[in-house]
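The values are calculated or read from the model by the stated rules, or taken from the named source; none is laboratory data. Remember, predicted model here, so these are calculated numbers, not experimental data. All Cβ positions, glycine included, derive from the backbone under ideal geometry; neighbour counts span all protein chains shown.
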Amino acid sequence: MAGTVTLGVSIAVPEPHGSRLQRCRLGFGDAAAAGIPTHVTLLPPTAVEAAARPAVEEHLTGIAAAARPFRMRLYGTGTFRPLSPVVFVQVVEGGSACGWLQERVRAAGGPLARELPFPYHPHVTVAHGIGEDAMDTAQAELAAYEAAWTVTGFSLYEQGADGAWTPRREFRFAPCPRQRRPASSAAGRASEAA
């Protein structure tokens, strides 16, 4: 395990939404989409020593254990143009939870510590680095796109020599504690049934 590996951490967009957005991205002419599972990034591509993988996984396990499931909702499109040639589907619910997670993933002193070149903005890329007309088409065609689900964890991905991203491990959030009913409520229902 000598050398470095390129890792990323992200929240997978579940089916059927993930495949649909990946097909759209390919249809807009973004060939790189074939090797990029549809996701919301928590850690962009980051080179780390291969020997650090156990420390990375331990770090991510701790973050997931401290997190709880949350609702994610996507709606409409946006772009980072002209700063960056990207069109994306917007995260309209769940963004603050994504922000909390990504801050901890990149925490100073941790195995994935790093600064970002731009402020963090959770999103789902649907076009990147393609012609302007195709970018315009992507932004228009998905302008009313909507999807929602409950996020229950995130995954560690590794980029292969071919540029494709492969999930290496999923990190599940701690379940929400079950709420106990007050004893008086149970007694009240029992007396009503009698």
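A few comments on the model shown:
- Residue among Gly35, Gly18, Gly29 that is without any contact (Cβ under 8 Å) to a residue 24 or more places away in the chain and surrounded by fewer than 19 Cβ atoms within 10 Å (Cβ to Cβ): Gly18
- Within region 147-163, restricting attention to residues that are surrounded by 13 or more Cβ atoms within 10 Å (Cβ to Cβ) and closer than 27 Å to Leu83 by Cβ, the residue that is nearest to the chain's Cα centre (by Cα) is Phe154.
- Of all residues in region 164-173, those being more than 15 Å from Ala33 (Cβ to Cβ) and either over 17 Å from the mean Cα position of the chain (by Cα) or crowded, with 17+ Cβ neighbours inside 10 Å (or both) number 2.
- Taken residue by residue, region 54-70 has no member that is part of a strand (DSSP E or B) and farther than 22 Å from Glu15 by Cβ.
- For beta carbons closer than 9 Å, sequence separation of 6+ or different chains, a first residue in region 53-78 that is over 18 Å from Arg114 (Cβ atoms) and acidic (Asp, Glu) and a second that is at pLDDT 95 or above and loosely packed, with under 15 Cβ neighbours inside 10 Å, there are no qualifying pairs.
- Being in contact (Cβ under 8 Å) with a residue 60 or more places away in the chain, touching a helix residue (DSSP H, G or I) at 6+ places or on another chain (Cβ under 6 Å) and over 14 Å from Val89 (Cβ atoms) is a property that Phe154 lacks.
- Hey, Arg20 closer than 23 Å to Ala143 by Cβ, part of a helix (DSSP H, G or I) and in contact with a strand residue (DSSP E or B) (Cβ under 6 Å, 6 or more places away or on another chain) or not: no
- Verdict on Gly109 being outside any strand (DSSP E or B), surrounded by fewer than 20 Cβ atoms within 10 Å (Cβ to Cβ), without any contact (Cβ under 8 Å) to a residue 60 or more places away in the chain and not aromatic (Phe, Trp, Tyr): yes
- Here Gln139 fulfils each of the conditions (1) within 14 Å of the chain's Cα centre (by Cα); (2) in a helix (DSSP H, G or I) apart from (1).
- Filter result for Ala55 (more than 17 Å from the chain's Cα centre (by Cα) and modelled with pLDDT of 95 or more): yes
- Filtering region 23-53 to residues that are closer than 30 Å to Pro175 by Cβ, in contact with a helix residue (DSSP H, G or I) (Cβ under 9 Å, 6 or more places away or on another chain) and assigned to a helix (DSSP H, G or I) leaves nothing.
- Some residue of region 39-47 being farther than 26 Å from Thr152 by Cβ and either touching a residue at least 60 places away in the same chain (Cβ under 8 Å) or in contact with a strand residue (DSSP E or B) (Cβ under 6 Å, 6 or more places away or on another chain) (or both): yes
- From the options Glu115, Glu170, Glu146, residue that is farther than 30 Å from Gly27 by Cα, at pLDDT 90 or above and of a type outside the set (Val, Ile, Thr): Glu115
- Identity of the residue in region 118-136, in contact with a strand residue (DSSP E or B) (Cβ under 7 Å, 6 or more places away or on another chain) and either free of Cβ contacts under 8 Å to residues at least 12 places away in the same chain or assigned to a helix (DSSP H, G or I) (or both), that ends up farthest from Phe28 (Cα to Cα): Met135
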